[in-house]
Amino acid sequence: MIKSNYFKIIFVSVIFPVIFIAAASVQPVNRSDEHKARAQEAAQSFMGELQGILLNELREGGPVQALSVCADTAQLLTQAAAGELGVSLKRVSGRIRNPENAPDEYERKILEKFSKMHNEGKEPPFIHTEERTFNGEKEFWYIQSIHLQAQCVGCHGSEDQIAGNVRKLLRDHYPGDEATGYKPGDFRGALRVSFSITNNCFLINE
């Protein structure tokens, strides 16, 4: 009996506190700021590269050449940048040109929110962040608004701003095109950056 009580005392006084401390040291950690910074860096890198290519094509060959890059290169560049940056990238719009940029239901709600913010005169860019779960996998989603640059009206402006040969290319490449009639500064769409955070949900305190 004395021996049994001795081992009980040892467990309660030594083993149990160790188990308790170990369990307490594994705690959920909020890394939203880190995730947001990573997403913003990816967004800036991708958009900077894409805009640089388009501006170069505009200088060298005008809207026709830039439009060809949009038609043939932009999606490939998106895929390549996503692989290089280790994230998922998608450009979306409520008025699409390329069907691959059509938003899903969730993205459409964010676009509607951004459009309302634009109409209310809020200062861009507009940003939405959220942690989402798909089949048990947690992802961090970062969505940033895109606004029309002045040099883009040759492909996205009013009918009198778009040259006849550009309009023909648009009809040939995008017969269902909705992405015209914009003015510089108008809300054009958004870029979504997302990545898995399933393995970054817990922190071991030292």
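Give E34, E100, E60 a once-over and let me know the one that is in a helix (DSSP H, G or I) and surrounded by 13 or more Cβ atoms within 10 Å (Cβ to Cβ). Step through it out loud before you land on a result.
Values: E100 fails: surrounded by 13 or more Cβ atoms within 10 Å (Cβ to Cβ); E60 fails: surrounded by 13 or more Cβ atoms within 10 Å (Cβ to Cβ).
Of E34, E100, E60, the one residue that is in a helix (DSSP H, G or I) and surrounded by 13 or more Cβ atoms within 10 Å (Cβ to Cβ) is E34.
Would you mention how many residues in the stretch 152-180 are assigned to a loop (DSSP other than H, G, I, E, B) and loosely packed, with under 14 Cβ neighbours inside 10 Å? Spell out how you get there, then give the answer.
Taking the stretch 152-180 and keeping what is assigned to a loop (DSSP other than H, G, I, E, B), we get 157-158, 162-163, 174-180.
Right, trim to loosely packed, with under 14 Cβ neighbours inside 10 Å and you get 158, 175-176, 178.
Number of matching residues: 4.
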Take the stretch 133-183 and flag every residue that is under 19 Å from V92 (Cβ atoms) and among the hydroxyl-bearing types (S, T, Y). Y142, S145, Y174, T180, Y182
If L191 meets every condition in (1) touching a helix residue (DSSP H, G or I) at 6+ places or on another chain (Cβ under 6 Å); (2) among the hydrophobic types (A, V, I, L, M, F, W, C); (3) assigned to a helix (DSSP H, G or I) apart from one, which number is that one? (3)
With the first residue restricted to the stretch 81-97 and required to be in contact (Cβ under 8 Å) with a residue 24 or more places away in the chain, and the second required to be assigned to a loop (DSSP other than H, G, I, E, B), Cβ contacts under 6 Å at 6 or more apart or on different chains are V92/P103; R95/E178; R95/A179; I96/A102; I96/E178; R97/Y174; R97/D177; R97/A179
On the basis of being over 15 Å from the mean Cα position of the chain (by Cα) and more than 15 Å from R188 (Cα to Cα), does D72 make the cut? yes
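Residue under question is N135, and the condition is that it be on the phi > 0 side of the Ramachandran plot, of a type in the set (S, T, N, Q) and either in contact with a helix residue (DSSP H, G or I) (Cβ under 9 Å, 6 or more places away or on another chain) or surrounded by fewer than 17 Cβ atoms within 10 Å (Cβ to Cβ) (or both); does it hold?
Details: on the phi > 0 side of the Ramachandran plot: yes; of a type in the set (S, T, N, Q): yes; either in contact with a helix residue (DSSP H, G or I) (Cβ under 9 Å, 6 or more places away or on another chain) or surrounded by fewer than 17 Cβ atoms within 10 Å (Cβ to Cβ) (or both): yes.
The answer is yes for N135.
Within the stretch 140-161, does at least one residue satisfy the condition of being within 24 Å of S196 (Cα to Cα) and in contact with a Gly (Cβ under 8 Å, 6 or more places away or on another chain)? Step through it out loud before you land on a result.
Initially, the stretch 140-161 is screened for residues within 24 Å of S196 (Cα to Cα), giving 140-146.
From what's left, in contact with a Gly (Cβ under 8 Å, 6 or more places away or on another chain): 145-146.
Yes; the residues of the stretch 140-161 include at least one that is within 24 Å of S196 (Cα to Cα) and in contact with a Gly (Cβ under 8 Å, 6 or more places away or on another chain).
Coordinate-derived values only; no laboratory data. Here the structure is a predicted model, which means the values were calculated and not measured. We place every Cβ from the backbone using ideal geometry, glycine too, and count neighbours over all the protein chains shown.
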